[in-house]
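Notes follow the structure.
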Amino acid sequence: MMKVLMKPPQAPTAKNGAVSGSEAIDDYLKAIFQLSGREERQVSSTEVAGALDITAASVTNMLQKLAALEPPLVVYEKHRGVQLSKAGKKRALEIIRHHRLLETFLHQVLGYPWDEVHQEAERLEHFISERFEERIAAKLGHPEFDPHGHAIPAMDGSLPTQEPRSLSQLRPGQSAKVSSVSDKDPEMLRYLASQGIRPGVRLTLGGQLPFKGAYQVRIGTSTKPALLSHSLAEAISVALK
């Protein structure tokens, strides 16, 4: 029986030697994109190291290599930080599109709970072809958001303009709809699901307990407030509209 092997995409060629595999490159580009925010600010090596849970020295080494690629994927200035180049941003958005489409496919078609799809998508996002990506999108009806409420980049890399704010930024008595929740912590996602907190659900902030304590939040039409820690409130993005 003939075996068919799937190879990961090849990394770009460096001017000054070899670079780590394309999976590592993709992870760096995603981290820089997400850390830089809407304003696309310069990101420090320390921030990248924290996001990827690796040493700052390793990050500096990799950023120098990414800047030496042809075309360069980042613009790196020692002691000042790093930004994605045009090519780096394009690749980051492509991988984010893969990731969020895979999460949606796993959740809607294969029945994965929303707390399991992130890790599965992390494994698969580097290896799917553009043709396979488009088939997934078509199967799902070209969704705009993943199960956690995060926008899926369009084929051209565009994203909707959003004004994200965390639940913790609401004023007491203010009401807003959940737009997205962080997908990094499966235990947190399971807890939010148990409380009925998902994208589209309306939350009303009652107040915060003294000494920077938990937030009192009414969920939907419930009159009984739930208590959410500061870290949970920070992980929930809301829209006032």
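List of remarks:
- Residue check for SER182: farther than 15 Å from ASP146 by Cα and among the polar types (S, T, N, Q): no
- Restricting attention to segment 164-190, the residues being surrounded by 15 or more Cβ atoms within 10 Å (Cβ to Cβ) and in a helix (DSSP H, G or I) number 5.
- When PRO225 is tested against the conditions (1) open to solvent by less than 80 Å² (accessible area, probe 1.4 Å); (2) closer than 27 Å to PHE33 by Cβ; (3) touching a strand residue (DSSP E or B) at 6+ places or on another chain (Cβ under 7 Å); (4) not polar (S, T, N, Q), the lone failure is (2).
The values are calculated or read from the model by the stated rules, or taken from the named source; none is laboratory data. Just so it is clear, the structure is predicted and the values come from calculations on it, not from any experiment. Here Cβ is always computed from backbone atoms with ideal geometry, including for glycine, and neighbour counts include all displayed protein chains. Just the protein is used for accessible areas: all its heavy atoms, side chains included, with ligands, DNA and RNA removed. Shrake-Rupley method; radii C 1.70, N 1.55, O 1.52, S 1.80 Å.
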